[in-house]
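To keep things clear, I will list the structure first and then write my remarks on it.
Nothing in this text is a laboratory measurement; each read-out follows from the coordinates by a stated rule. In this text the structure is predicted, and so the values were computed from the model without any measurement. Counting neighbours? That spans all protein chains shown, and the Cβs are built from the backbone with ideal geometry, glycine included.
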There are 2 protein chains.
Amino acid sequence: MSVITIERKVLEKNDQLAQRNRLFFEERGIFVLNLVSSPGAGKTSILEKTFLELRGSMRAAVIEGDVQTDLDAQRVAKYGVPVVQIVTLGACHLEANLVQDAMRNLDFTGVELLFIENVGNLVCPASYDLGEQAKVVVLSTTEGDDKPLKYPSMFLNSSLLIINKIDLIPYVNCDLNRLKNNALQINPKLRIFEMSCTTGAGFPEWCNWLKKKDVSSL
Amino acid sequence: MSVITIERKVLEKNDQLAQRNRLFFEERGIFVLNLVSSPGAGKTSILEKTFLELRGSMRAAVIEGDVQTDLDAQRVAKYGVPVVQIVTLGACHLEANLVQDAMRNLDFTGVELLFIENVGNLVCPASYDLGEQAKVVVLSTTEGDDKPLKYPSMFLNSSLLIINKIDLIPYVNCDLNRLKNNALQINPKLRIFEMSCTTGAGFPEWCNWLKKKDVSSL
């Protein structure tokens, strides 16, 4: 019972800090998305391709969260995007205070769009508000169409679902319609994008949506 | 600081219970493997194919761990293997006490091999001993060759690495040698199997190893 109480306190404290982050972003008109997924679903690849598509039209920044290494920050920095890496040293999710620390090290001049790439984990990050406008859950077709049912919290707490690696459907055991039905069964309000970083499928629609920053549709 | 103390106490308590589980298994000569991976890396598919290969030669049982649903237990039960499903209701890993509860509901008569399929999570289950002889980390090629560096604890705490979905290498951005080098950089003692549930590659070697129950080689 004591553990549950502490968890609640941790979450309450986190939510307060997240709200402070959210106010900071809203005052500056910065659209903030919290990217969550299993390891290897393609969050960083999606960012890389998104920055190529958005080049010249929208200034973006990134906060990277990883258990170890700054490999993802190195990848993203190549696109000329301001990036700060948070290394959690074993912790399985980002929390609002870590994001706050990272924000102090980012130059937000002219930034309209901030991606927070969470630790690769389809369970724990679901419970932590970071101050984002929306969570975007990325699920790759190679993970199988049953995952929304098996990890429902993440799909319930997200506003968008990116189904990634749709080019691999012919080679894997994944029924796209079943995947979408399973996701919508958990969260009927999910907005779904079907994408592939290899073929570029879905990126025009995704980037158009980003440019509109249409929070009202979430 | 208080949180750290509580975490330590939780882990100490867990380790004591795990040791009790281990004694139970050792007294009965049951070989126990704790399967860990990201969601969708193929743990359940590997079990299904393993049971097909082992049929008639070795009696196995399964403890399934999932955040929600008994979908995996249903899949495994089709192979005539005794199985108990643990639903963690949101918790991101199995602990020794949950395994102990599951053990009470399993008939171990004649069982030589027990698989504990952990929650799909490449971070949290690394810290929890369940009483297994070895952790087996499953990494699929679709997740990318950088994952051992980004999630080192799991690779450090595992004795075996199954590289799964090797049939998909032509279609994904994964260098098999780099993957193996990254894994061995974290843990030079890792024993590596390269497998595919689609083509059956690697299953004869894996099943031969299981039949030997060669703990000394770990």
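Each copy carries A:GLU27; placing its label point 7 Å along the C-beta direction from Cα gives inter-copy distances of 6.5 nm, listed from smallest up.
Among the trypsin sites (Lys or Arg not before Pro) within the range A:38-123, those in coil by DSSP and having at most 13 neighbouring Cβ atoms inside 10 Å are A:ARG55, A:LYS78.
Across the range B:151-218, the relative contact order, built from alpha-carbon pairs under 8 Å that are at least six residues apart, equals 38 percent. Karplus-derived 3J(HN,Hα) values for the range A:36-49, using 6.51 cos²θ - 1.76 cosθ + 1.60 with θ = phi - 60°, are 10, 4, 5, x, x, 6, x, 4, 5, 4, 5, 4, 4, 5 Hz; glycine and proline are entered as x. The phi-based Karplus calculation (6.51 cos²θ - 1.76 cosθ + 1.60; θ = phi - 60°) puts the 3J(HN,Hα) values of the range B:145-155 at 7, 8, 5, x, 6, 7, 10, x, 4, 5, 6 Hz, whole numbers, x for Gly and Pro.
What's the local net charge at A:GLN19, with K and R +1, D and E -1, over the other residues with C-beta under 14 Å away? Don't skip to the end; give the middle numbers.
Details: positive: A:LYS13, A:ARG20, A:ARG22; negative: A:GLU12, A:ASP15, A:GLU26, A:GLU27, A:GLU95, A:ASP129, A:GLU132.
Surrounding charge for A:GLN19 is -4.
Note on chain A: with a GNM built from Cα contacts shorter than 10 Å, the maximum mean-square fluctuation among A:THR198, A:THR109, A:THR50 falls on A:THR109.
Report the local net charge at B:ALA73: Lys and Arg +1, Asp and Glu -1, summed over other residues whose C-beta lies under 11 Å from its C-beta. That sum, taken over residues with Cβ under 11 Å, equals -3.
Here the relative contact order of chain B, from alpha carbon pairs under 8 Å that lie six or more residues apart, stands at 24 percent. Say we join alpha carbon atoms closer than 10 Å with springs in a Gaussian network model of chain A; which of A:PRO204, A:PRO125, A:PRO82 then has the biggest fluctuation? With Cα springs under 10 Å in chain A, the top fluctuation among A:PRO204, A:PRO125, A:PRO82 is at A:PRO204. In the assembly of identical copies, A:GLY90 has its label point, taken 7 Å from Cα in the direction of the beta carbon, separated from the corresponding points by 2.5 nm (ascending, one decimal). 3J(HN,Hα) couplings calculated from phi for the range A:62-69 with the Karplus curve 6.51 cos²θ - 1.76 cosθ + 1.60 (θ = phi - 60°) are, in sequence order, 9, 10, 9, x, 9, 5, 8, 6 Hz; Gly and Pro show x.
Among B:LYS165/B:LYS212; A:LYS150/B:LYS213; B:LYS135/B:LYS213; A:LYS147/B:LYS43; A:LYS9/B:LYS9; A:LYS180/A:LYS211, which pairs are too far apart, with a Cα-Cα distance over 23 Å? Distance filter (> 23 Å) returns B:LYS165/B:LYS212; A:LYS150/B:LYS213; A:LYS180/A:LYS211. Label-point distances for B:LEU156 to the equivalent site in the other copies, using a point 7 angstrom along Cα→C-beta, read 3.4 nm when ranked shortest first.
For a Förster distance of 30 Å, can you work out the FRET efficiency between the beta-carbons of A:GLU12 and B:LYS9, rounded to the nearest 0.05? Before the final figure, lay out the partial values.
Values: r = 22 Å, r/R0 = 0.75.
After rounding, the FRET efficiency stands at 0.85.
A Gaussian network model of chain B, with springs between Cα atoms under 10 Å, assigns the largest mean-square fluctuation among B:ASN105, B:ASN14, B:ASN97 to B:ASN105.
Evaluated at q = 0.07, 0.14 Å⁻¹, a Debye calculation over the C-alpha positions of the protein assembly as shown (equal weights, vacuum) places log10 I(q)/I(0) at -0.34, -1.34.
Relative to one another, the C-alpha centroids of the range B:37-88 and the range A:77-154 are positioned 31 Å apart.
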